[in-house]
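Novice: Sharing a structure with you now.
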Amino acid sequence: MLCDCGIALREDCGIALRELVSIVVGESRLHHMFIFIVFFLAVTLNCVGAQEDSPSVSKTGQTVANVDETKAWYTRRVAECESHDIVLSSAEGSIPLKFERASLLNWSNPIRNTPSGAVFIWTVEGRPQVIASTYPIKDGIEQELTSLSEKPLVLNQGKTDEHRFPKGIEWREMPNVEAPSKQRNLRLVQMRRMAERFRVFGNGENKFEARLLTQPIFRSSAVAMNETAVFAFVQGTDPEAVLLIETNGTEGWRYAFARMTMVPILANLDNERVWSLAWFGSSLLNDQPFHKIQYPGSK
């Protein structure tokens, strides 16, 4: 009895609701509304079923298999970088560079059909000395290494392979800036504002403006003698040039550029040309601050 009353009540409510909606939206629109609801439920149930049949998916949208493959790819790139023996030449003798294992930037460049790449760095006492971008090519893997050092460097690969990097950067005083703040977080704000005053352009056959990544890809530790930040100017997210900004004592700042591409590249500060490099020549030549290494067959 109680059950029958409940059913009758639901039917009465349904009829009343239908009549009310019909009055408000019209019988024709009500018909279309019911069709839409049925279609929506059908699509939703189909999607749920498809998800149950699909492989495990990570929060980034990659399947577990793809995540594992990506990790393996980066592990191989780290091993290739760790095989380099790079030393800095100084009055005190040869100082080995420290390889920082974590990738500074994982990038891609759809314009050049490069699906993935990674950027690594070597330091001395927390200050950047060499930066490398590594990525897949048709027959393997290619590395582009750039000196960020004020002094000569020597790269050894085994017993016979050797490359001598000359001085890689030229420091310039940063004009029209306030003295470095005493607070580390405010110094980061200052460095970001300085970086925004620069514009970088690829000046080859296909001209383009490289985009500044607003956060530095590297920043020296709080205990470093001079605080250095490395900013990247990118195509896609592929670095074309890096800008170093560093405290110059307690009163000022200085900056320097380094290339991460073979194409002609230039930079303006406040619309004034401050840096320009032509096409890079043979990567096999010694005594170049930019150097390429290939790993045929590597994946």
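The values are calculated or read from the model by the stated rules, or taken from the named source; none is laboratory data. The model shown is predicted, which means the values in this text are computed figures rather than measured ones. Note that we place each Cβ from the backbone using ideal geometry, even for glycine, and neighbour counts take in every protein chain shown.
Novice: What strands (runs of 3 or more DSSP E) completely inside segment 152-257 contain at least 2 residues that are more than 21 Å from the chain's Cα centre (by Cα)?
Specialist: Strands (runs of 3 or more DSSP E) meeting the threshold: 153-157, 161-165, 238-248.
Novice: Among all residue pairs at least 6 apart or on different chains, which show Cβ distances below 8 Å where the first residue, located in segment 190-212, is assigned by TED's automatic domain parsing to the domain that holds Asn271 and the second is charged (D, E, K, R) and part of a loop (DSSP other than H, G, I, E, B)?
Specialist: Pairs that qualify, where the first residue is assigned by TED's automatic domain parsing to the domain that holds Asn271 and the partner is charged (D, E, K, R) and part of a loop (DSSP other than H, G, I, E, B), are Gln190/Glu178; Arg197/Asp270; Phe201/Lys207; Leu212/Glu196.
Novice: Does segment 135-157 hold any residues that are charged (D, E, K, R) and either closer than 26 Å to Tyr255 by Cβ or not assigned by TED's automatic domain parsing to the domain that holds Gly93 (or both), and which are they?
Specialist: If the condition is that a residue be charged (D, E, K, R) and either closer than 26 Å to Tyr255 by Cβ or not assigned by TED's automatic domain parsing to the domain that holds Gly93 (or both), then Glu144, Glu150, Lys151 are the ones that fit.
Novice: Considering only segment 258-284, how many residues are of a type in the set (Ser, Thr, Tyr), in a loop (DSSP other than H, G, I, E, B) and within 21 Å of Asn206 (Cα to Cα)?
Specialist: 2
Novice: Would you confirm whether any residue within segment 82-92 is loosely packed, with under 10 Cβ neighbours inside 10 Å and at pLDDT 50 or above?
Specialist: yes
Novice: Still on this structure, please answer the following. Determine which member of the set Ser149, Ser116, Ser133 is modelled with pLDDT of 95 or more, of a type in the set (S, T, N, Q) and over 15 Å from Phe257 (Cα atoms).
Specialist: Ser133 is the lone residue from the list that is modelled with pLDDT of 95 or more, of a type in the set (S, T, N, Q) and over 15 Å from Phe257 (Cα atoms).
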